[in-house]
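Note sheet for the following structure.
The values are calculated or read from the model by the stated rules, or taken from the named source; none is laboratory data. Quick caveat: nothing in here was measured; it's all calculated off a predicted structure. We place every Cβ from the backbone using ideal geometry, glycine too, and count neighbours over all the protein chains shown. In case anyone asks, the SASA skips ligands and DNA or RNA and just uses the protein heavy atoms, side chains included. Shrake-Rupley method; radii C 1.70, N 1.55, O 1.52, S 1.80 Å.
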Amino acid sequence: MSGGEALEAEAIGHEDDPYTYNEAMGDVDATLWKKAMNVEMESMGSNKVWELVDLPEGIKPIGCKWIYKRKRGADGKVETFKARLVAKGYTQKEGIDYDETFSPVAMLNKLVIQNYIYKYLELDI
């Protein structure tokens, strides 16, 4: 199964998603959560999300946490199980753990205005 594929299931009656790894492993759908975590790890590996390096002396690594979510269809039935591994970024310190941040965000209305300007000025996009 590739990283982009979703895990399908017909679980019914499960209202709450696990909040911790231990809850997920104690859940009736534990095997599906394990598969979802494996898919996430395979995806991160194929996308080269991280690189293993030696930890510098005196530096504490940033932790991570699994986030679990049952995705439901319009009929309320569980269709997929998603597991995402996220960094506990709130523990980072500027200048120590990172120097700058970058988050590309495009606002649709700005792109529309930009396209009108280009068209008005007869510029190539």
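Contact map, the range 29-44: first residue more than 10 Å from Phe81 (Cβ to Cβ) and among the hydroxyl-bearing types (Ser, Thr, Tyr), second residue open to solvent by less than 80 Å² (accessible area, probe 1.4 Å) and modelled with pLDDT under 95, Cβ cut-off under 6 Å, separation 6 or more or different chains; pairs are Ser43/Gly3. Within the range 45-54, take every residue that is of a type outside the set (Asp, Glu) and open to solvent by 60 Å² or more (accessible area, probe 1.4 Å) and give me the one that is nearest to Ile96 (Cα to Cα). Among those that are of a type outside the set (Asp, Glu) and open to solvent by 60 Å² or more (accessible area, probe 1.4 Å), it is Val53.
Flag set for Phe81, criterion: modelled with pLDDT of 75 or more and of a type in the set (Phe, Trp, Tyr). Selection within the range 55-80: residues that are among the charged types (D, E, K, R) and open to solvent by less than 80 Å² (accessible area, probe 1.4 Å). The member of this set that is farthest from Asn22 (Cα to Cα) is Arg70. Just a yes or no: is a residue in the range 29-44 surrounded by 11 or more Cβ atoms within 10 Å (Cβ to Cβ), touching a His at 6+ places or on another chain (Cβ under 9 Å) and in a loop (DSSP other than H, G, I, E, B)? Taking every residue of the range 29-44 in turn, at least one turns out to be surrounded by 11 or more Cβ atoms within 10 Å (Cβ to Cβ), touching a His at 6+ places or on another chain (Cβ under 9 Å) and in a loop (DSSP other than H, G, I, E, B). Note on the range 46-83: residues that are closer than 27 Å to Leu32 by Cβ and in contact with a strand residue (DSSP E or B) (Cβ under 7 Å, 6 or more places away or on another chain) amount to 16.
Scan the range 44-90 for residues that are hydroxyl-bearing (Ser, Thr, Tyr) and closer than 20 Å to Ala24 by Cα and the total you get is 2. For the range 1-28, taking the residues that are open to solvent by 90 Å² or more (accessible area, probe 1.4 Å) and at pLDDT below 85, the one that is farthest from Gly76 (Cα to Cα) is identified as Met1. Return yes when Thr101 is exposed (fewer than 10 other Cβ atoms within 10 Å of the Cβ) and among the hydroxyl-bearing types (Ser, Thr, Tyr) and no when it is not. Taking the combined requirement at face value, the residue satisfies it. Residues considered: Glu122, Glu100. Of these, the only one that is assigned to a loop (DSSP other than H, G, I, E, B), within 27 Å of Met44 (Cα to Cα), among the acidic types (Asp, Glu) and without any contact (Cβ under 8 Å) to a residue 12 or more places away in the chain is Glu100.
Within the range 56-72, the residues that satisfy the criterion of being in a loop (DSSP other than H, G, I, E, B) and either touching a helix residue (DSSP H, G or I) at 6+ places or on another chain (Cβ under 7 Å) or modelled with pLDDT of 90 or more (or both) are Ile62, Gly63. When the range 81-97 is filtered for residues that are open to solvent by 90 Å² or more (accessible area, probe 1.4 Å) and not in a loop (DSSP other than H, G, I, E, B), the ones remaining, listed by number, are Arg84, Tyr90, Glu94.
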